Structure formats: C-alpha cells, structure tokens
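What follows is one structure encoded as structure tokens, with my remarks underneath.
The values are calculated or read from the model by the stated rules, or taken from the named source; none is laboratory data. Only a predicted model underlies this, so the values are computations on that prediction, with no experimental measurement involved. Cβ sites come from the backbone with ideal geometry, for glycine too, and all protein chains shown count toward neighbours. To get the accessible areas, we keep the full protein, side chains included, count just its heavy atoms, and leave off ligands, DNA and RNA. Shrake-Rupley method; radii C 1.70, N 1.55, O 1.52, S 1.80 Å.
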Amino acid sequence: MTDQAPPELTLRAIVLAIVLAVILAAANAYLGLFAGMTIASAIPAAVVSMAVLKMLGGGHILENNIVATGASAGTSIATGVIFTIPALILLGYWVDFRYTWVLAIAGLGGLLGVLFSVPLRRSLIVDQKLAFPEGKAAAEVLRSGDRPGEGLKILAGAAALGGMIKLAAGSGLRLIPDTASVSTWFDKTIGYFGTNLSPALFGVGYIVGLNIGVVMLAGGAIAWLIAIPIYSTYFLAADPVLSVELAGASAEDAAYAIWSTQVRFLGVGAMLIGGVWTLFSLRKSLVTGIKAGLMVDHGAEGVAVPATERDLPMRYILIGTVVFVLPLLALYQTIVGQWLVSFPMTIIMIVAGFLFVSVSAYMAGIVGSSNNPVSGLTIATILFAALVLAALLGSDSPIGAVATIMIGAVVCCAACIGGDNLQDLKCGYILGATPWKQQLMLAVGGVSSAFIMAPVLSLLAQAYGIGVPTETHPNPLLAPQANLMASVAKGIFGGELPWTMIGIGAGIGAAIIVLDEILKKTGAAWRSPVLACAVGIYLPIELSVPIFAGGFVAHLVERRFPPGDAEGDRERIHQKGTLFSAGLITGEALMGIFIAIPIVAVGSAEVLALPEALRFGGWLGLLMLAAVAVMLHRIAMKQEPTTSK
C-alpha cells in the first residue's frame with residue numbers, strides 16, 4: 001500500500017508559472033537593458049504563488065515550488081537574451097528583433113541549458129552538497145508560508161509605487177526628470193555628477209548589497225570624476241572632430257559626448273580582462289563542473305528509485321539534445337552559407353554550452369545565481385568563437401561578428417538557465433519534490449518566456465532606443481553587456497575601435513583584480529569584483545548612485561540585525577526588504593513597457609507628457625526617492641532580531 005502523492009505538477013500550477021515567467025521575463029529584459037543587471041525571482045514568485053493558490057482553495061508546498069521553478073526561468077531567459085542578442089542590432093545586422101530567430105535562440109538555448117544541467121543534480125546537490133543560497137532561501141520562504149498575504153501586499157504595494165514613479169518620470173508624464181544632475185566647466189575641465197531617480201535601481205541596490213553598490217559607484221567615479229575631466233582638459237584639443245562638435249556645448253552634453261565616443265570603452269577593456277580572469281580563476285571549478293556533468297549515476301538494476309531522486313531519463317536528454325541542436329545548425333547555415341563553417345559553429349556551441357552550464361551550475365552552488373559570472377563565461381565564448389571563425393572565414397568577413405554573437409547567445413541562454421535549474425532543484429531537494437517534474441517545468445517556463453522576448457525587445461527599442469544616445473533617442477537603454485559582446489566581435493573582424501582606451505581599461509581591470517586578490521588573501525569582509533566595477537565604468541554614473549543608496553539601506557538593516565553564521569541568514573533578514581525591492585523593480589519595468597506602447601503607436605516620445613507648467617525639477621524626484629528609501633527601511637526593519645538557528 002502506497003500513500004497518494006501530494007499535488008505537484010498541477011494544471012493551475014503550470015498556468016500560474018507560465019504567467020509569472022512571462023511577466024518576470026519582460027520586467028528583467030527592461031531592467032537588464034537599463035542597468036546591466038537582472039534579479040533572481042524565485043522568492044517573489046513563491047510568495048505570489050502561495051497567495052494565489054491559497055485564494056483558489058489552498059496550494060501544497062510542492063505545487064508552490066513548481067510555480068517558483070517555472071517562473072524563475074523567465075529571468076534566466078531574459079538574462080541570456082539581453083546580454084547578447086541586442087548586439088545584432090548594434091552591429092547593424094538587424095534593424096529590428098526578428099521573432100522566429102529570437103524564439104529559436106532563446107527557446108532552444110534554454111532547453112539545452114535544462115538538458116545539460118540534468119546530469120549535474122546528483123553530483124552537485126546530493127553528493128557534494130553545495131550551498132545554492134537562493135535555493136535554500138526559497139525553501140525557507142515556502143516552508144514558512146503561513147502568511148503569504150502579507151508578502152503579496154508588500155510586493156504589490158511596492159510594484160504600484162514603482163510604476164507610479166516611472167509614469168511620472170521623463171518617458172511618461174514628465175512630472176519629474178529621469179535624472180537630477182549638476183554640471184559645469186572649470187576652464188577646460190568638465191565637472192559632472194548626478195543620480196537617476198529610478199526606484200528600480202534603488203531596489204537593485206538593496207538586493208545586491210552595499211559591497212557591490214560601492215564597487216559600481218567606484219567604477220562610475222573612475223569614468224566620470226577622473227577620466228572625463230582628464231580627457232576634456234588634456235586630450236580633447238587633440239581630437240579635432242570631437243572638439244569642433246563640442247564647441248559651445250554645455251558641460252553635461254560634452255561629458256556625455258566624451259563618454260559615448262571614448263571613455264565608455266574603458267569599461268569594455270575592464271570587462272574584457274574581467275571575463276578572461278573569471279575563466280582563469282574558475283579553472284578548478286571548471287574541471288569539477290565538467291567531471292560532475294560526465295558522471296551520471298544510475299540506480300542499481302531492479303532497485304526502485306524514489307520519486308525524490310528521479311531525473312529526466314538520460315535517453316530523453318540525448319534525444320532532446322540532437323533534436324534541439326539540428327534547428328540551430330540550420331540557423332547557423334542560413335547565416336554563413338557554408339557547411340564547413342556551420343558545423344564547427346555548432347560543435348563550438350555544444351561544447352561551450354555543456355562546459356559553461358557545468359561551470360554556471362557549480363558557481364551558483366558556491367556564490368548564488370545573483371553573483372554568477374555568466375557574462376564572463378559568455379565573453380570567453382565570444383572570444384574563442386571569434387578566433388575560430390576568423391580562421392575559417394577570414395578576419396575581414398562581414399558576417400563573422402554576427403556568427404560569433406549567434407554562438408554566444410545560445411551558450412549564454414543555456415548557462416543562465418543551467419545555474420537557475422540547480423537553484424530550483426536544491427529548493428526541491430530540501431522540500432522533497434520530484435526532480436523530473438521541476439526540470440520539465442523549467443523547460444516550459446523557459447520556452448513560454450522565449451515567445452515574448454522579441455516583441456518586448458522591439459517595443460523597447462522603438463520607444464527608447466538601445467545602445468549609445470542618438471538624436472531620436474537621447475536617453476537609450478544602454479545594454480552594457482550586449483555592447484561589450486558587439487565590440488569584442490567587431491574588433492576581431494576588422495572593426496575600428498578606440499583600442500588605446502580599451503587597453504587602458506584592461507589595465508584598470510587588472511589593477512582591480514590585484515586589489516581583489518589582496519582583499520581575498522587578507523580575509524577582508526569586502527571584495528572588489530572586477531565585472532561589477534567594469535559595469536560601473538561603462539554606465540553613466542547616475543545609474544550607480546541609486547544602486548549604492550539601496551545597498552546602504554540594506555547595510556543599515558544588517559547593522560540592526562547582524563546575520564549569523566547559519567546558511568540563509570542574510571536572505572531571511574532581508575526577506576521583506578527583498579520583496580519590496582522586487583516589487584519596485586517589477587512595477588517600474590512593467591510600466592516602462594506599458595508606456596512604450598503609446599510612444600510607438602503615436603510615434604512621439606511626448607505623447608503622455610504634461611504641459612511645461614506642471615513639470616517639476618529634480619528636487620521633487622529626489623524627495624520621491626528619499627520617501628522610497630524610508631519606506632524600504634521601515635518595512636525591512638519589521639522583523640525579530642533573532643534570525644539564525
């Protein structure tokens with residue numbers, strides 16, 4: 001006699017997971033293009049699931065776990081897409097995002113990520129017992145879900161607040177500007193400082209913490225408080241084209257022009273050296289991850305495998321890999337038109353995909369998905385693929401950079417969802433879930449998200465622009481990682497880049513790496529991750545300021561409730577603050593997408609703008625952001641002092 005299995009992969013759980021995956025994919029696509037970051041979404045999805053299923057008559061903990069698993073795939077797919085695919089626009093290969101191509105790259109890349117990560121579960125979760133911090137935190141949330149309504153209220157209230165402030169800002173009603181800034185000329189030297197008024201960036205800062213916020217702001221200071229003033233003072237006169245263009249320009253316009261044509265490439269150099277260093281520093285983890293992927297344990301013949309240990313069967317994984325790779329081979333052949341090139345492209349994609357899914361999964365178990373260096377792994381893929389294709393096609397090939405991005409895009413989607421898969425499986429392992437059902441749900445969530453990526457990206461590109469500022473889109477979504485991938489691929493295939501700036505940036509990146517290694521050896525509590533600093537160098541400084549401020553609020557909470565040594569302590573302390581922050585991010589991102597609809601439909605960025613008399617300066621935006629900070633701090637502080645067990 002056997003007990004009836006608890007509800008898990010139910011129809012209502014599948015439908016709710018798909019809805020949440022699509023929403024979170026759209027929100028993180030906006031956030032990633034805007035600030036170069038995405039957020040882990042399993043915990044907000046778990047809270048929403050508990051509240052919604054409770055309203056529908058109650059949901060078992062394993063049902064809620066399935067919803068969180070499927071929903072979190074949306075963030076992974078969005079991350080893989082926005083890190084790479086916009087590079088095809090920046091290279092001029094596409095004028096808009098082609099639906100079937102984006103669907104194929106994101107959907108098939110995500111499915112390969114799920115399949116490649118299945119053999120890793122037993123090795124990394126059961127045998128090696130890696131931490132997977134977000135997975136443990138999600139399990140804690142699901143276990144203590146006796147009051148999901150309170151969490152949903154925090155999430156929904158913060159989303160409404162974030163959405164209203166976005167509506168009031170520069171792309172909506174224009175009640176407040178997007179940025180509060182000051183700038184002036186000191187003879188030949190430019191002085192500029194500002195802060196973005198985005199509540200989403202404030203929420204990002206709370207989630208990533210003060211350490212990352214400080215490092216990103218330091219990167220911004222290197223670019224905007226050091227490099228731009230130095231360039232304007234000593235080198236602008238030696239640049240005849242730029243100096244003529246900036247004759248009579250305001251300090252702010254001049255600062256942005258110098259940043260867009262020269263200084264941002266310091267960030268490219270730092271990110272490039274950071275990606276190479278990431279791969280080198282992960283060499284031991286790389287070997288461990290690959291070994292784990294190659295060691296697939298089988299139960300003894302005739303011995304029944306319990307439900308909690310049943311993965312997708314290996315024969316299905318092998319068949320699925322072949323089925324999903326063949327369309328990608330056809331896609332690559334369509335691009336290059338040579339089987340002797342498309343076959344090596346496919347082989348590189350498969351090998352790099354499995355390789356970096358293994359590394360991504362291993363690193364997710366060590367440092368968590370939020371700190372997983374996927375962009376560094378993708379840079380390594382882009383570099384290797386570009387060098388191979390340059391040998392096959394020639395370094396002057398007009399299609400070489402595009403083919404390189406196509407390989408990197410699939411690998412990035414696979415690596416993102418591979419790390420996420422293991423976080424979800426860790427949560428399920430703690431709760432007693434069925435692995436194959438989670439793996440199937442992750443695939444469903446990933447494919448569902450892939451269906452909406454192209455329309456969302458096209459809408460954002462038409463409304464706001466992507467890349468560097470233009471006359472049509474003076475404040476575009478900067479897409480830092482995609483810009484980096486495009487720059488690397490373009491540089492190898494004969495494109496003209498400011499190599500001097502890239503070289504200086506690489507030197508800066510190397511110095512940051514040395515500092516980080518010193519901090520590591522001295523056992524310092526703080527670190528200086530090179531990729532975080534590089535992104536700070538690449539982005540306008542006003543994006544880093546609210547991230548730093550959000551991290552400072554998180555620091556104040558930790559001073560009041562110091563985390564203990566128990567795993568998951570920090571996540572428990574910040575549970576309410578994280579929900580509020582996730583709400584701010586989701587609300588602003590979704591409002592940004594909704595605002596884009598009338599902008600594109602009418603063809604005017606001012607379609608929602610209020611009359612000039614009703615527009616206020618940056619001071620009102622600063623007051624709004626200060627109010628958000630106070631609310632976040634108060635909500636995060638509503639907890640018991642004792643959090644560790």
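What is the spin-label model distance, in nm, from Asn475 to Asp253 if the labels are put 7 Å beyond Cα along the C-beta direction?
Rounded to a tenth, the inter-label distance reads 1.7 nm.
Looking at the range 123-232, I'd like the Rg to Rh ratio, where Rg is from alpha-carbon atoms and Rh is Kirkwood's inverse mean 1/r.
My calculation of the ratio gives 1.15.
If r is the Cβ-Cβ distance from Arg12 to Val323 and R0 is 30 Å, what FRET efficiency results, to the nearest 0.05?
Working from the Cβ atoms, E equals 0.55.
Note the full-extension length gain between Ala510 and Phe280 as 0.36 nm times their separation in residues minus their Cα-Cα distance, in nm to one decimal.
81.5 nm
Using +1 at the Cβ of each Lys and Arg and -1 at the Cβ of each Asp and Glu in the chain, identify which of Val215, Met453, Tyr192 lies farthest towards the dipole's positive end.
Val215
Ignoring solvent entirely, what values of log10 I(q)/I(0) come out of the Debye formula for the chain at 0.07, 0.08, 0.09 Å⁻¹ when each Cα is a single scatterer?
So the normalised log intensities work out to -0.41, -0.55, -0.70.
What span do the alpha-carbon atoms of the range 179-277 cover on each of the three principal axes, reported in whole Å from largest to smallest?
43, 35, 17
Once amide H atoms are built 1.01 Å from N in the peptide plane, which residues 5 or more positions from Ile190, or in another chain, come under 5 Å H to H?
Ser232, Thr233
Can you tell me the alpha carbon radius of gyration of the range 376-434 divided by the globular rule-of-thumb value 2.2 N^0.38 Å?
So the Cα radius of gyration is 1.64 times the expected 2.2 N^0.38 Å.
Could you compute the FRET efficiency for Phe235 and Glu496, with r as their C-beta to C-beta distance and R0 at 25 Å, rounded to 0.05?
Computed FRET efficiency for Phe235 and Glu496: 0.85.
Averaged per residue, what accessible area in Å² does the chain show with a 1.4 Å probe, protein chains only?
So the chain comes to 39 Å² accessible per residue, rounded to a whole number.
How far is it, in nm, from the label point at Arg560 to the one at Phe594 when both lie 7 Å from their Cα along the line to the Cβ?
In this crude label model, Arg560 to Phe594 measures out at 3.1 nm.
Based on the alpha carbons, how large is the Rg to Rh ratio for the range 470-540 when Rh follows Kirkwood?
Expressed as Rg/Rh, it is 1.08.
If you place +1 on the Cβ of every Lys and Arg and -1 on the Cβ of every Asp and Glu, how big does the dipole about the Cα centre of the range 447-593 come out, in debye to the nearest 20? Display every interim value, and only then the final one.
Values: 9 positive and 11 negative charges, 51 e Å.
That gives the range 447-593 a dipole magnitude of about 240 debye.
Just subtract the alpha-carbon distance of Thr308 and Val244 from 0.36 nm times their residue separation and send over the number in nm, one decimal. Please list the in-between numbers first.
Working: separation 64, 0.36 × 64 = 23.04 nm, distance 6.87 nm.
Value of the extension gain: 16.2 nm.
What FRET efficiency comes out for the pair Leu608/Arg315, r = Cβ-Cβ distance, R0 = 51 Å, nearest 0.05?
Working from the Cβ atoms, E equals 0.40.
So, in nm, how far is label Asp187 from label Arg98 when the simple model puts each one 7 Å beyond its Cα toward the Cβ?
Modelled inter-label distance: 5.5 nm.
Determine how many Å³ per residue the convex hull of the Cα atoms of the range 310-467 encloses.
Roughly 138 Å³ of hull volume per residue.
Please identify every one of the chymotrypsin sites (Phe, Trp or Tyr not before Pro) in the range 457-528 that sits in a loop by DSSP and has no more than 15 other beta carbons within 10 Å of its own beta carbon.
Counting only loop positions with at most 15 other Cβ atoms within 10 Å, the chymotrypsin sites (Phe, Trp or Tyr not before Pro) in the range 457-528 are Trp526.
When the distances between all Cα atoms of the range 1-155 are binned every 5 Å from zero, what whole-number percent does each bin get?
2, 8, 14, 18, 19, 15, 12, 7, 4, 1, 0, 0, 0
Mind checking the dipole of the chain: about its Cα centre, +1 per Lys or Arg Cβ, -1 per Asp or Glu Cβ, Debye to the nearest 20?
The calculation lands at about 1020 debye.
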